[in-house]
1. Can you report the number of residues in region 164-175 which are more than 14 Å from A227 (Cα to Cα) and either out of contact with any helix residue (DSSP H, G or I) (no Cβ under 7 Å at 6 or more places or on another chain) or not small (G, A, S) (or both)?
2. Give the residues of region 260-271 that are touching a residue at least 60 places away in the same chain (Cβ under 8 Å) and assigned to a helix (DSSP H, G or I), sorted by residue number.
3. Return the residue satisfying two criteria in turn: it lies in region 77-119 and is polar (S, T, N, Q) and assigned to a helix (DSSP H, G or I), and of such residues it is surrounded by the fewest Cβ atoms within 10 Å (Cβ to Cβ).
4. List the number of the failed condition for P74; all other conditions in (1) more than 22 Å from A341 (Cα to Cα); (2) without any contact (Cβ under 8 Å) to a residue 60 or more places away in the chain; (3) outside any loop (DSSP other than H, G, I, E, B) hold.
5. What pairs come up if the first residue lies in region 16-28 and is assigned to a loop (DSSP other than H, G, I, E, B), the second is surrounded by fewer than 16 Cβ atoms within 10 Å (Cβ to Cβ), and their beta carbons are under 6 Å apart, counting only those six or more places apart or on different chains?
6. Give me the residue from region 275-290 that is in contact with a Lys or Arg (Cβ under 9 Å, 6 or more places away or on another chain) and surrounded by fewer than 22 Cβ atoms within 10 Å (Cβ to Cβ) and, out of that set, nearest to C121 (Cα to Cα).
7. Residues being touching a Ser or Thr at 6+ places or on another chain (Cβ under 8 Å), in a helix (DSSP H, G or I) and at pLDDT 95 or above: count how many of those fall in region 230-257.
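The values are calculated or read from the model by the stated rules, or taken from the named source; none is laboratory data. Because the structure is predicted, anything quoted here is derived from the model rather than measured. Here Cβ is always computed from backbone atoms with ideal geometry, including for glycine, and neighbour counts include all displayed protein chains.
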Amino acid sequence: MIPVFFGLAGPALSDAEARFFRAAAPAGYILFRRNVETPAQVRALTDRLRDVSGTARLPILIDQEGGRVARLAPPTWPAFPPPAIFGAAYARAPITAMAAARANAQALGALLSDLGITVDCLPLLDVARDETHAIIGDRSYGADPLMVSALGRATLDGLKAGGAVGVVKHIPGHGRATLDSHLDLPVVDASADELEADLLPFRRLADAPMAMTAHILYPAWDRALCASLSPTIIGEVIRGRIGFQNLLMSDDLGMQALGRQPGANDMGARAAGVLAAGCDIALHCSGDLAEMEAIAAAVGPIGPLAVERLARAMAWAEPVGRPDSAMVETLAARRDALLAAA
């Protein structure tokens, strides 16, 4: 097994992909809009990935946050609200908002479980600021670190009840970034003392099963390397100050922020760099077979500690079988009623 989560090119595995995945044995996969068409097709795809990997509880990830970031979209799948909706409700009625966030996440988990998707890249624990770039925007719960912590916890609990593993992101915090790391390298010039507020939600949810790094430069901690590539930030801040000891994956290797860092446009070097810095898993999303082959050639086998962390993460949420659509509808209705009452 290699320490990489790979994307796929389309809604079904090609013969070339199947051969490559069998030979390379990636630790897991991530799905995007290009991979999903109908419930039956997605179930067939996830079954095929399990067959190729030989792993029953396989990490199959998706970004199903609600709002703008929803790979499973209407009219085929139900719409879910963006996280900021729960932040607004929390300002009026905190306990009710947490219950709504939990019901929402349980509905998400049940929906994904029915499709054979095991991991949702949610919740965002990025604390919103006046300067927060629109790429985060309403994906953040809001500006109060304690509120972000509370709603993040409710979301993790809901995903677990729905049978899905949650991922906290973007550790150690994306809220102060004024650039989109898909397109450029954000630099956050806040002091270490100022950054403590951004760490608080991650510290409070340090027991989350998985976390995803931020491709952001924080000169207060490391003047040269962004968080995903920095042994100092991963070792001293994420593992040390935050206390996160579970599975740590990078954000997508294909994002342009990494083009301004060591490794430049060499995908193999990018993957080797995030792993050398201390990430357990490198995430590569594009589904480009040539890039995946370069990454597989550049990384060694997954280490024993990463294997242990991966197994522990996948055991965090017990499978709930095949929930029916009525369960998702009931949970969504409960969410809507709670939001209306807040």
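1. The qualifying residues number 3.
2. R260, A271
3. T96
4. For P74, the exception is condition (3).
5. Taking only residues 6 or more apart or on different chains, the pairs are A25/M1.
6. Top of the filtered list is G287.
7. Selection size over region 230-257: 2.
Condition check ((1) closer than 30 Å to A100 by Cβ; (2) surrounded by fewer than 20 Cβ atoms within 10 Å (Cβ to Cβ); (3) touching a residue at least 12 places away in the same chain (Cβ under 8 Å)) across all residues:
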| position | (1), (2), (3) |
| --- | --- |
| G273 | no, no, yes |
| E293 | no, yes, yes |
| A296 | no, no, yes |
| P301 | no, yes, yes |
| A313 | yes, no, yes |
| R335 | yes, no, yes |
